[in-house]
Amino acid sequence: MSELRRPNETGVPDSKQFMHPALVRNYGKWAFHDRPRPGVLRHVSDTGEAVFTVKGGTQRQMDIFTIRTLCDIADKFCDGHLRFTTRSSAEFMTTDETKVKPLIEALEAAGFPVGGTGNSVGFISHTQGWLHCDIPGTDASGVVKALMDELVDEFKNEEMPNRVKITTSCCQINCGGQGDIAINVQHTKPPVINHALVAGVCERPAVIARCPVAAIRPALVDGKPSLEVDEKKCVCCGACYPPCPPMQINDPVHSKIAVWVGGKHSSTRSKPMFHKLVAAGLPNNAPRWPEVAEVVKKILATYKADARPWERMGEWIERIGWPRFFEMTELPFTKYHVDTWRGGRSNLNASAHLHF
Amino acid sequence: MSELRRPNETGVPDSKQFMHPALVRNYGKWAFHDRPRPGVLRHVSDTGEAVFTVKGGTQRQMDIFTIRTLCDIADKFCDGHLRFTTRSSAEFMTTDETKVKPLIEALEAAGFPVGGTGNSVGFISHTQGWLHCDIPGTDASGVVKALMDELVDEFKNEEMPNRVKITTSCCQINCGGQGDIAINVQHTKPPVINHALVAGVCERPAVIARCPVAAIRPALVDGKPSLEVDEKKCVCCGACYPPCPPMQINDPVHSKIAVWVGGKHSSTRSKPMFHKLVAAGLPNNAPRWPEVAEVVKKILATYKADARPWERMGEWIERIGWPRFFEMTELPFTKYHVDTWRGGRSNLNASAHLHF
Amino acid sequence: MSKKLPSTPMLDELEKGPWPSFVTGLKRLANTEGKPHGDIMKGLLGQLEHSYQTRKGYWKGGTVGVFGYGAGVIARFSEVASQYPESSEFHTLRIMPAPGFFYDTKTLRQMCDIWEEHGSGLIALHGQSGDIMFQGCRTDQVQPAWDKLNEMGFDMGGAGAGVRTAASCVGPARCEQACYDTLAAHRAIINDFTDDIHRPSLPYKMKFKFSGCANDCANATQRADVAILGTWKDEMQVNQTEVQAKVKQLGRKEFINQVIRMCPTQALGLNDDDTLDVDNKSCVRCMHCINVCTKALKPGKERGICILVGGKRTLKVGDLMGTVVVPFMKLESEEDFEKLVELAHNMLDFFADNALEHERTGEMIERIGLANYLEGLGLALDINMISQPRTNSYVRTDGWDEEVRKWNDAKSSAAE
Amino acid sequence: MSKKLPSTPMLDELEKGPWPSFVTGLKRLANTEGKPHGDIMKGLLGQLEHSYQTRKGYWKGGTVGVFGYGAGVIARFSEVASQYPESSEFHTLRIMPAPGFFYDTKTLRQMCDIWEEHGSGLIALHGQSGDIMFQGCRTDQVQPAWDKLNEMGFDMGGAGAGVRTAASCVGPARCEQACYDTLAAHRAIINDFTDDIHRPSLPYKMKFKFSGCANDCANATQRADVAILGTWKDEMQVNQTEVQAKVKQLGRKEFINQVIRMCPTQALGLNDDDTLDVDNKSCVRCMHCINVCTKALKPGKERGICILVGGKRTLKVGDLMGTVVVPFMKLESEEDFEKLVELAHNMLDFFADNALEHERTGEMIERIGLANYLEGLGLALDINMISQPRTNSYVRTDGWDEEVRKWNDAKSSAAE
Ligand code: SRM
Ligand code: SRM
Ligand code: SRM
Ligand code: SRM
Ligand code: SF4
Ligand code: SF4
Ligand code: SF4
Ligand code: SF4
Ligand code: SF4
Ligand code: SF4
Ligand code: SF4
Ligand code: SF4
């Protein structure tokens, strides 16, 4: 065997070498921007130079042919430069306004919808799912694709009150994070323990420590060291599963989908907000999750019709109130919506502020 | 000994028998009110009838001579009717506008300041103190009297941005409740246990259960059952003292005064708010507590100068931000201001909202 | 014959200044010859001066009561009785006033006379819970003083682990904002609970307070286990002409600042003709705009109460605000009032059965969860009870479909 | 020679519809002859279809790495390898892109070529943390693929209990709102932490994220242990002529609604001449008005960063947002950057020394208290770190005078 190569521990490369030259020229000198049309940004610098950005949606998990197609387009219109956004959309920059239209056409011809700017629905943040993760309850790529098919018009147009950030997550760990709408797996039954395997693979104290409600105890099963779960305490979070695969939390029927709304990272107007549970018990109905799509579309349509310009999902609901949100979206409200976790009392209505 | 009389278990009497007849006539028919001058309200009913209310400050803990003087005034101007407010001010009602001026003069001549309406500083809510309670760290009547002497002009005028509700409490139990400003005893050392007495008077398990931080343990001292306090854990709250007087929490030097601001019960605009610690370590300096008065006056003057119409103390500070509040009031900010109690993390700034 | 007035240099400092002085009052009582309060108050002034000098209190509790009742007298015995024997016993009688603190002078004078004869002559109007506090009574005078007060038509207030004396705002008697009859509700509830006031046997105290609107002039939200606040369900009443007058009075910019900008839910807009654009669906009945525009705006016509449960001060868990358990309920007919009283009883019973020793209602709900409390009381879950749904996924939801069914059933039966 | 494409009726459903289909991409790779990814992807499609049919995942973890590093490869072995042997090993290489996700096509094509040769041909641009994810590699191909990517000038990203790959918004490269150079800060910090990225030995993971302003396009506040956000200290820049133009464009009422009324701290007033009245002392730098009026308003000129610490997802305690530990710090000169990097190292060291196993920075701070964290880092307490002071009296304050002295000292030394 040949000698192994020592890595060049270089960290991240300098971005400027990859950047469109107009961005390098105007670095830190931008004066303002506007959006000539959905999917297109125009940033004007203090020097008067304008850069047009055209934004195209991708599937994130791309085959090399798709990436090469994007490169072809960048070579043709953007001097061989492009970038990706924090939401996996591809951005093509040019200083030449006349290139904008053909660029859009080229992207759309190649199957990349143009949009995702301003008050549109952006691409859905993406996790691994059955394609790659070792603990998923559903498939992220599939859910995202199915939903984006339904929402593509909202991606291509800017007709929402404000930007809509949707996230998906294939387990309750929720690598997708907070979102205006978050679509996450929610387990509904305690893990079924494969006792035969525990002794072999599981570092028991670590698993016991992982449980947020101290529901796991060491136990002897058939004379072998194993674990048992206090099913009354267990909140079905699945946190014990990654460190101990015999704690089988995933279930084709009982691992459901829940929809959360009103999360936000920005400190814009309101402080950042966590997303809030609105719908649960939705079936994990691969390959197109129609029940999930229906809920998401209903929420979006209601938001679109009722919210005011610049209101993010959570802000809109705070204004109109949760009673009206549930009324307009026709979602059922249950005791599970009432927070029972640590400090949950702070989510009760401690005021005479009432919405009728 | 004569036979004991069985009580008439009648509960509370009907108010209408005591009410000024104009109030009975217009009961539930009020259309609007205004304030012709500080200390005077005019309520107009749907029928067009107007009732004038003149409000006078009292010392709450009144001798019968004082009460009789109030009665004399009510007899002379108000057909023998009066009421007290939830803040112990006396209200005199008449339908005769010409009586308002002489009524005011009569009250002031008798030593009752007229005011406390609208955007003034109301009378300070009052607790028992050394006069009557069995656990006080200071005297409520004295603190209130000393402060009202300083604030009487703010009682008589309506020059504050909104109503100011001040409360005092002679121990951390805080019978005075939340206030725009709350002036409360704050103990700074753990209780000193009088072991000789514990065995005799103390129901030990009850006291142990009362401690919010589980700092009290049973102990044998000189062979007798007693208690001991883990001084590292103890938060000096004094909750163990009422059920067990040998847990001597009161100390002439270490029982200090703390000032809290921004509490509010109303759901008006903002939801109700708890008051927040701003100053502590003030000496319990009877008989006139000048250090406390100084802090309170500084806070009030700052609020008066800077807040906008209708902003309650807490709302004003939320708008301008705590940094500016401390800057303008020149109060020191310490690590003790940072909440460390259950859920205290929710009082940290979880946003990029910054005040400079 | 009688004792000399003690020297009270520190207290004397509290005779200075413009505010009415309680010390002057105490001295007035002490200086009166021929009444029992003369001596009592000399002792009291001595002990109080001693407290001021040493910065310590010298009262201890004990048990003193009246025949037939188990609470209502706060017993105080002096720890320095040897120095101040005249005030060695200084008990307080808590007596409940009429709701809204209304008096005629005849009644007040009669009370003064009784207290002149049997007590110290010191009366607090009123305690923070709402009692008339007759302060400073010798043990042997408690029963006679009580008998006379009771004969007048007044009853003992609460103390200890029972239902407490309630308080209510002035309400419809003199306030245009009152959305229900606070005084009647106060009376209806308290007079149905006299047994629980007088013979306390709960895990801990229980307080009711009544405010006619969200301004909460009775401090109910945080200071009552059960807070009953007025509100309305339909649209607020707007007189646009008066709105325009108000805009003129304040100026446009100031009107925007004080009204439009301060609405907590941005429910208000100012039309270009200076009329108001009210989005009643967003309005949370906070009262602000109505307070500013007393002539132009009023609560709606479909009025009633909301009930918040669990307010309390700080012991053990930190302060709690009450939280909504009944978002709206009419309170007009006799049946409405009966329903309210019944609900109050259910609350008390549930508290008695489920709270731990020295646990208030709010702490109990925090421990068992709101859903269980509602179920225990048979109250319907309502979205107005939360400020927002849960923000974490730590919950076992396998009863989801069943709960959805319940919600839908409740909705369709409400629609019927 | 090569395998048949498996039947994938469920996955085929995901080829329908307008959005670019990853299934089509997978099939494209599977259908390509003469490249290793042809077979790998046939296996993968088979296993994925099996997952869809049975609604279960079939990957398990393991340990695979590259020479010299302890992390960066996410190992995946199939539990159904007997049925789909071609994709029985399907590891991911996490590679860090340039800050801001900038590429030229040469670089991207080169990456595609490498992955065509050594991997499955599937690349995710990008992972939620910010990595380029080269997904689907046989164990024996990991090292050669890595060698080539590394030779290109790219380095391995984070995994496990170490510093993770960072993310930054586009920042000054194409955004007028950027209050500091996100890309430079990202690079400065990450390139000083390569050892902690590549040889993880912390109690748990640690993430940095960089956003140029409060809009937080990098999702730093909740998704990073250390969030670095741009802000400003002086007054915002206002072009009143452009304000008037904006009022005209939106109409007065709409301008009030969208700008004045939406400011979270009522810092804005509309003057009668349609100019803006900005109360910079009340403004919290939230960006809203600036976002609406991109031409009229700008952040101030005294720009810098604020640092929030403790954001994370839900495990064990529920989600946490980062909270302020440095309200303002200049980030312009080289020394400024050095100071930032040093601070980041202190944060890491304190975390390494004080966190429990599997405890994130936010949980640690919650456990030990913010004051102790600040003290550990030598950071000055600042009022911007709290949203409000404590609301309960449960604290032992006998060090009050000492703390006051510290505050006053700090204040007077700042004034010097
Ligand atoms: C390109 C991108 C940054 C990057 O480095 O990749 C970006 C770019 C811009 N963002 Fe963003 N944001 C980008 C992700 C985000 C995210 C994070 C995310 O999407 O996951 C957020 C925070 C989301 C949250 O709160 O959870 C974000 C919150 C904002 C906001 C605040 C919105 C709000 O009202 O809360 C603004 C302000 C605005 O809308 O004017 C903003 C504004 C902008 C502006 C207008 C800034 C500027 O002046 O150039 C940029 C044009 C966006 C457009 O397409 O209209 N951007 N922006 C990201 C595009 C993502 C995408 O493809 O959809
Ligand atoms: C008389 C009294 C009720 C009673 O039954 O005794 C009362 C009477 C009125 N209150 Fe009050 N409030 C009274 C205690 C309170 C309290 C409780 C307290 O003082 O301890 C509060 C809640 C305090 C809190 O939030 O902690 C209270 C919060 C309000 C508010 C809301 C203020 C706010 O913006 O938060 C209003 C609305 C307003 O100011 O227009 C209000 C308004 C009013 C109005 C204008 C209602 C009306 O239309 O008649 C009354 C005239 C008051 C005046 O003097 O200007 N009243 N008001 C109480 C007088 C107390 C005193 O002598 O100072
Ligand atoms: C007299 C009064 C203060 C006053 O001068 O007005 C008072 C005085 C006492 N309160 Fe109070 N509380 C008084 C209103 C309150 C209030 C305000 C209210 O009712 O609106 C509160 C806050 C609200 C609440 O209920 O939480 C209050 C919260 C407490 C607490 C703390 C309860 C908690 O859960 O945190 C205690 C301690 C206890 O119950 O063990 C307490 C205990 C006491 C005791 C019994 C102290 C003791 O353990 O011996 C005091 C007797 C003093 C005495 O010598 O008369 N007092 N107490 C008030 C009752 C007068 C009346 O009947 O009208
Ligand atoms: C690949 C990725 C999702 C994606 O498709 O983009 C991912 C995938 C995994 N995450 Fe994640 N996380 C990814 C970004 C995130 C994020 C978002 C972010 O970084 O902004 C979060 C939320 C923020 C945070 O850090 O809290 C996130 C929160 C977690 C957690 C929960 C941590 C917590 O404290 O609550 C875990 C569980 C753990 O660490 O034990 C986790 C664990 C995992 C593991 C390692 C599951 C496991 O224990 O085996 C997943 C490996 C999947 C795989 O097969 O590759 N992942 N994970 C993201 C990393 C790609 C990249 O390097 O660019
Ligand atoms: S959300 Fe869960 S299943 Fe999905 S990638 Fe993250 S850890 Fe894996
Ligand atoms: S699923 Fe969650 S709550 Fe249940 S045992 Fe596992 S870790 Fe504990
Ligand atoms: S605050 Fe404390 S000392 Fe004062 S009356 Fe209430 S219980 Fe007694
Ligand atoms: S003072 Fe408070 S914290 Fe200290 S021992 Fe007593 S009850 Fe416990
Ligand atoms: S609470 Fe409302 S109804 Fe009652 S007095 Fe105050 S303003 Fe009037
Ligand atoms: S009552 Fe309050 S919430 Fe309703 S419109 Fe007026 S200010 Fe807004
Ligand atoms: S976070 Fe701010 S600076 Fe960065 S891209 Fe978004 S708007 Fe621009
Ligand atoms: S930046 Fe935000 S807080 Fe500051 S004035 Fe604008 S809207 Fe208000």
Semi-axis lengths, Å, the range A:119-199, gyration tensor of Cα atoms, sqrt of 5 times eigenvalues: 32, 12, 9
Cut-off 11 Å between beta-carbons: net charge of the residues surrounding residue C:24, Lys and Arg +1, Asp and Glu -1: +1
Per-residue HN-Hα couplings for the range D:58-65 [Karplus 6.51, -1.76, 1.60; θ = phi - 60°; Hz; x = Gly/Pro]: 10, 9, 10, x, x, 10, 9, x
Stokes-Einstein D in µm²/s, Kirkwood radius over Cα pairs - the range D:280-323 at 25 °C with 0.890 mPa s viscosity: 185
R0 of 30 Å, Cβ-Cβ distance residue D:356-residue B:232: FRET efficiency to nearest 0.05: 0.90
Lys/Arg +1, Asp/Glu -1 at C-beta; chain C dipole; positive extreme among C:372, C:251, C:263: C:251
Pairwise centroid distance, computed over Cα atoms, of the range C:39-113 with the range C:153-227, Å: 24
Label point at residue B:285 placed 7 Å out along Cα→Cβ; residues across the range B:329-354 whose backbone nitrogen lies under 20 Å: B:329-333
At 7 Å out from Cα toward Cβ: residue D:160 inter-copy label distances (nm, ascending): 6.7
Within the range A:78-220, percent of DSSP bridges classed antiparallel, to nearest 5: 25
Rounded percent of accessible protein surface that carbon and sulfur make up, chain B, 1.4 Å probe: 52
Solvent-free Debye scattering, log10 I(q)/I(0), computed from the Cα coordinates of the range A:192-248 at q = 0.15, 0.22, 0.26, 0.30 Å⁻¹: -0.34, -0.75, -1.07, -1.42
Debye intensity ratio I(q)/I(0), log10, chain A, q values 0.07, 0.08, 0.09, 0.13 Å⁻¹ (C-alpha model): -0.40, -0.51, -0.64, -1.10
Contact order normalised by residue count of chain D, Cα under 8 Å, 6+ apart, percent: 11
Solvent exposure of the range A:192-248 as accessible area per residue, Å², 1.4 Å probe: 51
Within a Gaussian network of chain D (alpha carbon springs, distance under 10 Å), most fluctuating of D:212, D:121, D:300: D:300
Hull-based mean projected area of the range B:1-48, where the convex hull spans the alpha carbons, in square nanometres: 6.4
Percentage, to the nearest whole number, of Cα pairs in the range D:237-298 over 17 Å apart: 26
Fraction of the pair-distance distribution of the range A:15-110 above 24 Å, Cα-Cα pairs, percent: 16
Chain C - Debye-derived log10 I(q)/I(0), Cα point model, q = 0.14 Å⁻¹: -1.24
GNM flexibility winner over chain B from B:250, B:26, B:284 (Cα, springs under 10 Å): B:26
Protection-proxy order for peptides C:35-44, D:31-40, each taking the mean of Cβ atoms within 10 Å per residue, highest first: C:35-44, D:31-40
Cβ-placed point charges (K, R +1; D, E -1), dipole of the range C:237-298 about Cα centre in debye, nearest 20: 240
Summed buried accessible surface, chains D and C, 1.4 Å probe, nearest 100 Å²: 1700
Carbon and sulfur %, accessible surface of the range D:115-247 computed with the full protein complex present, 1.4 Å: 44
The range D:291-330-the range B:60-114 distance, computed between alpha-carbon centres (Å): 56
The protein assembly as shown - convex hull of alpha carbons, volume per residue in Å³: 189
Size of electric dipole in chain D: Cβ of Lys, Arg +1 and of Asp, Glu -1, about Cα centre, debye, nearest 20: 1480
Per-residue ³J(HN,Hα) for the range B:47-63, Karplus 6.51 cos²θ - 1.76 cosθ + 1.60, θ = phi - 60°, Hz, x for Gly and Pro: 7, x, 5, 10, 10, 9, 10, 10, 10, x, x, 10, 9, 6, 6, 9, 6
Average beta carbon contacts from partner chains per residue of A:79-91, 10 Å cutoff: 6
Highest-fluctuation residue, B:100, B:185, B:253 considered, GNM on chain B with Cα pairs under 10 Å: B:253
Rounded accessible area per residue of chain C, 1.4 Å, Å²: 33
Folded to 0 to 90 degrees: helix A:100-109 orientation relative to chain A principal axis, Cα: 40
Cβ neighbours within 10 Å from other chains - mean over B:294-307: 0
Around residue B:11: net Lys/Arg minus Asp/Glu count, Cβ-Cβ under 9 Å: -2
Contact order relative to length of the range B:248-294, as percent, for alpha carbon pairs under 8 angstrom and 6 or more apart: 38
Label geometry 7 Å along the beta-carbon vector: residue C:70 inter-copy distances in nm: 6.6
R0 of 41 Å, Cβ-Cβ distance residue C:195-residue B:222: FRET efficiency to nearest 0.05: 0.35
Copy-to-copy label separations for residue C:9, where each label sits 7 Å from Cα toward Cβ, in nm and ascending: 10.3
Cα centre as origin, Lys/Arg/Asp/Glu Cβ charges: the protein assembly as shown dipole, Debye: 80
Residue-averaged 222 nm ellipticity for the protein assembly as shown, from DSSP H runs of 4+ at -39500 (n - 2.57), nearest 500: -9500 deg cm²/dmol
Whole-angstrom Cα spans of the range A:82-145 along principal axes, big to small: 48, 22, 21
Positive-end extreme of charge dipole, the range B:202-298 - chosen from B:282, B:261, B:211 (charges on Cβ): B:261
With DNA, RNA and ligands ignored, accessible area of residue D:366 (1.4 Å probe; Å², nearest 10): 90
Inter-probe distance in nm under a simple model that places probes 7 Å from Cα toward Cβ, at residue B:47 and residue C:53: 6.1
Neighbouring partner chain Cβ atoms per residue of C:258-265, average, 10 Å criterion: 6
For the B-to-A rotation axis, chain B residue with nearest beta carbon and its distance in angstrom: B:343, 2
Folded to 0 to 90 degrees: helix A:290-306 orientation relative to chain A principal axis, Cα: 60
Local electrostatic count, residue D:157, Cβ distance below 10 Å [Lys/Arg +1, Asp/Glu -1]: 0
Accessible surface buried upon C-B contact (total; probe 1.4 Å; Å², nearest 100): 10200
Burial order of peptide ranges A:270-278, B:347-355, C:163-171 (average beta-carbon count within 10 Å, highest first): C:163-171, B:347-355, A:270-278
Segments B:322-328, D:308-314 sorted - mean Cβ within 10 Å per residue, highest first: D:308-314, B:322-328
Rounded to whole Hz, the Karplus (6.51, -1.76, 1.60) HN-Hα couplings of the range C:111-128, x for glycine and proline: 4, 4, 4, 4, 6, 5, 7, 10, x, 8, x, 9, 10, 9, 10, 9, x, 4
The range C:302-416 shape via C-alpha gyration tensor axes, a/c threshold 1.5: oblate
Length-normalised contact order for the range D:259-321 - Cα pairs under 8 Å, 6+ apart - percent: 20
Charge-dipole axis of the range B:15-110 as Lys and Arg at +1 and Asp and Glu at -1 on Cβ define it, positive-most pick from B:71, B:84, B:48: B:84
List of the range D:85-111 residues, accessible area with partners at least 20 Å² below that of the chain alone (1.4 Å probe): D:90, D:96, D:98, D:99, D:101, D:102, D:103, D:104, D:105, D:108, D:109
Distribution of pairwise C-alpha distances over the range D:9-159, 10 Å bins, in %: 11, 40, 37, 12, 0
Distant-in-sequence amide H partners of residue A:226 (H built 1.01 Å from N, under 5 Å): A:219, A:220, A:221
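The values are calculated or read from the model by the stated rules, or taken from the named source; none is laboratory data. Bear in mind that the values here come from a model prediction, so they are computed numbers and not experimental data. Quick reminder, even Gly has a Cβ in these numbers, built from the backbone with ideal geometry, and neighbours come from all protein chains shown. Each accessible area value is taken on the protein alone, full model and side chains, heavy atoms only, with ligands, DNA and RNA left out. Shrake-Rupley method; radii C 1.70, N 1.55, O 1.52, S 1.80 Å.
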